[in-house]
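Okay, so here's the structure we're looking at.
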Amino acid sequence: MKMCKVLGNIVATIKTKSHHGLKLMVVQSVDERGEPYSDPFIAVDCAQAGVGDIVLVVEEGGSAREVMKRPEGAVDAVIVGIIDDLNK
Amino acid sequence: MKMCKVLGNIVATIKTKSHHGLKLMVVQSVDERGEPYSDPFIAVDCAQAGVGDIVLVVEEGGSAREVMKRPEGAVDAVIVGIIDDLNK
Amino acid sequence: MKMCKVLGNIVATIKTKSHHGLKLMVVQSVDERGEPYSDPFIAVDCAQAGVGDIVLVVEEGGSAREVMKRPEGAVDAVIVGIIDDLNK
Amino acid sequence: MKMCKVLGNIVATIKTKSHHGLKLMVVQSVDERGEPYSDPFIAVDCAQAGVGDIVLVVEEGGSAREVMKRPEGAVDAVIVGIIDDLNK
Amino acid sequence: MKMCKVLGNIVATIKTKSHHGLKLMVVQSVDERGEPYSDPFIAVDCAQAGVGDIVLVVEEGGSAREVMKRPEGAVDAVIVGIIDDLNK
C-alpha cells in the first residue's frame, strides 16, 4: 500500500462497462514527510477523499476488486482510507 | 491505472493464438499536466483510441482479462477509456 | 520479498471494512548494508515489529492475503518477520 | 506488454521441474524508436525468436501461464510475437 | 524472470508460520555482462545456490507458490536454477 496525495479527479468517456460509475482520482505517492515522489497514477475512490487529502491506496488487483465488492471488476488501485497522522 | 498518451500501433507476426485479432497500441504514461514520463509500453485497445489521445490504461492481468471478456487471455494492459478532462 | 526498515506507523480513518483493526506501518527498503533505498510504503504488521526494526516484507497480494488468513482481505504488503542477521 | 530486443539465450542447470525444456532468452525493453531502456530480464520464448529480433513480451504471471498452456507453470514473462513494424 | 547474483543469506526470527524452514537469500539483479543493477531483494532458494552464484529468479507470486509446491505459501520470489552460460 502507499501513502498518496490526491491531486484531482478525471473525466473520461467511452469507458468499458467495467468502469461505469467509478470516481477516478489522480494521486501521487508521498513519503513519510508528505513530500511527493514518483509519478501520478489513477485510483478509484472508496473513501470520499477530496483534493489535497493524504490517503491510503491499495495497488494490487485482487485486493482492489475485493475492496470494491466487484470480483469481476477491472480495477488495480483503490483509495481505502484517509491518513490522519504518522507516528515515528 | 495510468493516464497515457497513445504514440502509435504495432504490427506483429508469429503471435500466439491468444493474441490473434487484438489491436496493439504503443502508449506512454503522462502526468497531470499531460507531460510524458516513464518508458512506452504496449496495451490492447478496447476504447477505439487514436494516436495522440490521452487514455485510461488498466495494467493488472486479472483486470485486463476481465475487461476483454477473455478469462483465458494473455493480456496485461488494456485501454479502457479516453480521458477528456482533469479537474484539480 | 524485501528487507525493510520500519519508519513509523500511521493512523487512518474512514477506512473500508477490509482494513479495520490492522496495524499499518511505514517501511522503507534497505540494502545488504542496511542503507535505505527506494521510497517508503505501507505494510501490515504481522510480526510485532517496532520502529527501527529491520523486517522481512512480502509484497504480493495473494501471498499477503495468505499470511493474514484473510483470503478476502485487501492487503498487498505484510511484515512477516524480523531480520536478525545477514551472512555474506 | 513490452517491446523488447532479444540479446541472447541462457544455459542453466539444477532447474526446478517447472522449468525443464524451456527456451530462456535475455531480453531488454526498447522504446518506440527501438532504443533500449531499463535492464535486461529473462523471458520464455514461444515465438521462435532469434537474437536481435524485436519482440512482444507478456510480463504477468497468469497471462504467461495461459500462453504456455501450463496453468501450473512457474513463468512470469513470455515472448508471444515478433514485432514487424510500428506505425506512428 | 531475472538473472541475479547471490549476495548472502539472512537469519530472521518471529516469522509467520508460512515462512518456517525456508532458506532466504539476498540477491541482486545482474545484466547480460554480469554487472549488478537495481537494489537487492530476498528470494527463497530452491536450487541449492551459494553466495556468488548467478541464478534464475522467478518473481511472481503464483509462480513462486507453484515452484515450491505450496499453493498456500506466502512467497513472491524463488531461485529456480543456476545460470551457467549466456550465449549472445
Could you list all residues from segment E:52-88 that are at pLDDT 75 or above and charged (D, E, K, R)? E:ASP53, E:GLU59, E:ASP76, E:ASP84, E:ASP85, E:LYS88
Output the residues belonging to segment E:1-14 that are at the interface with chain C (Cβ under 7 Å from one of its Cβ atoms) and part of a strand (DSSP E or B). E:LEU7, E:GLY8, E:ASN9, E:ILE10, E:VAL11, E:ALA12, E:THR13
Which residue pairs have Cβ atoms closer than 7 Å, lie 6 or more positions apart in sequence or on different chains, and pair a first residue in segment E:23-45 that is farther than 23 Å from D:PRO36 by Cβ with a second residue that is among the β-branched types (Val, Ile, Thr) and not in a strand (DSSP E or B)? E:VAL44/E:VAL75
Looking only at residues that are of a type in the set (Lys, Arg) and either surrounded by 15 or more Cβ atoms within 10 Å (Cβ to Cβ) or not in a loop (DSSP other than H, G, I, E, B) (or both) in segment E:15-38, which one is modelled with the lowest pLDDT? E:LYS15
Segment E:39-57: number of residues that are within 13 Å of chain C (Cβ to nearest Cβ) and assigned to a strand (DSSP E or B): 6
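The values are calculated or read from the model by the stated rules, or taken from the named source; none is laboratory data. Keep in mind that what you see is a predicted model, and the values were worked out from it rather than measured. Every residue, glycine among them, receives a Cβ derived from its backbone with ideal geometry; neighbour counts consider all protein chains shown.
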